[in-house]
1. Applying the Karplus parametrisation 6.51 cos²θ - 1.76 cosθ + 1.60 with θ = phi - 60° to the phi angles of region 113-123, what ³J(HN,Hα) value in whole Hz is obtained for each residue in order, glycine and proline being reported as x?
2. Want the number for GLU59 to ASP103: 0.36 nm per residue separation, take away the alpha-carbon distance, what's left?
3. Give me the Kirkwood hydrodynamic radius of region 71-118, using the inverse of the mean 1/r over all pairs of distinct Cα atoms, in Å to one decimal.
4. Could you look at region 65-174 and say what percent of its accessible area is carbon and sulfur, using a 1.4 Å probe and all protein chains?
5. Long-range amide H contacts for ALA178: which residues qualify at under 5 Å (H placed 1.01 Å from N, peptide plane, sequence gap of 5 or more or a different chain)?
6. Percent of Cα-Cα pairs more than 28 Å apart in the chain, please.
7. LEU6's amide H: which non-local residues (gap 5+, or another chain) put their own amide H closer than 5 Å, with H modeled 1.01 Å from N in plane and none for Pro or chain starts?
8. Which one, SER49, SER67, THR120, projects farthest toward the positive side of the charge dipole computed for the chain from Cβ point charges (K/R +1, D/E -1)?
Amino acid sequence: MTTKKLALVTGATRGIGLAITKKLMRSGISVIGTSREKASLRETVKELSTDIASLYPMELDITKRESVQDFLERLSNQELAPNILVNNAAIVRDNLLIKMKDDEWNDVINGNLNAVFFLTRSLVRPMLKARFGRIVNISSVVGLSGNAGQCNYVATKAGLVGFTKSIALEVAKRGVTANVIAPGFIDTDMTRSLSESQKGAIISQIPAQKIGKADDIAAMVAFLISEEASYITGETINVNGGLLMN
C-alpha cells in the first residue's frame, strides 16, 4: 500500500522554502506552508494552486514559543498530520561576539533550533505510529565551517547536525528517516542584495564557479523524502558546488 504524503515546509513563501514547496506540489504532494506574513501566504496560494496537490497556508513565527504552540494546536484541530517535515525557516541576527546582544543570541536560538525541536517532537509521533516519515533539516555550509560575525546562527546550524543524528538513531527502526541538507551560497534575496564585487569574491572560492539555485536544494529534498532514499538517515548532504567537502 502506498502511503499518502503530506509535507510541512516552514518558511515556504520565499527562496529555498518556496522552491521546495513548488517541487513537492509538482510531484503531487500537498504542502502545509508556513510564513510570518499573511500577504506572502495569500500570494503563494494563488501561484501554486494545482489539480494534483493542495497548499494549506498557515501563519507561524518560529521565534515565538506561543506561535509554535498555537500552530501545532491548529494542525491538530484541522486533523492535519504531515508525514514529511522540512524545517527550512531560519532567521539571522548577525554581530561580532563581543558586540552581540542577548536578544540577538536568544532570537536566533529560539527560531532556528528551539522551534525545530518543538515541531519535530510533536510531529514525529504520528510518523512513528504510521511507521513512515521523512524529516529534512536545512542547515548551512557555515554550520560546518564557522563564520565570523555569525556565532549565533552557526551554533544553530551546527546544532541541527547533532540533533538530526540523534533523532535518526531513535526513529530508524520505525521507518522514519532524518537527514540534513547544508546549502552553500544560494541565489536568494539575501545573496541578491550583495554587490557584484562581493558576489565575485564568493564565486572565486567555489570550485563550481557559480552560486547555486534554490532548485538545487529542492531537488535534494525531493530525493531524501523518496523511496529511493529510504536507506539514508542521519546524514548531512552538502550542496555547495565544492566549497566545503567532508
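1. 10, 4, 4, 4, 4, 4, 5, 5, 4, 6, 7
2. Between GLU59 and ASP103, full extension yields an extra 13.6 nm.
3. About 12.8 Å, per the Kirkwood formula over Cα pairs.
4. 50
5. Placed amide hydrogens put ILE135, GLY234 under 5 Å from ALA178.
6. The proportion of pairs with Cα distances above 28 Å equals 29 percent.
7. Sorted by chain and number, the residues that satisfy this are ASN83, ILE84.
8. THR120
The values are calculated or read from the model by the stated rules, or taken from the named source; none is laboratory data. What you see is a predicted model, and the numbers here were worked out from it, not measured in a lab. As a convention, Cβ positions derive from the backbone with ideal geometry for all residues, glycine included, and neighbour counts pool all protein chains shown. Please note that ligands, DNA and RNA were not included when accessible areas were found on the heavy atoms of the full protein model with its side chains. Shrake-Rupley method; radii C 1.70, N 1.55, O 1.52, S 1.80 Å.
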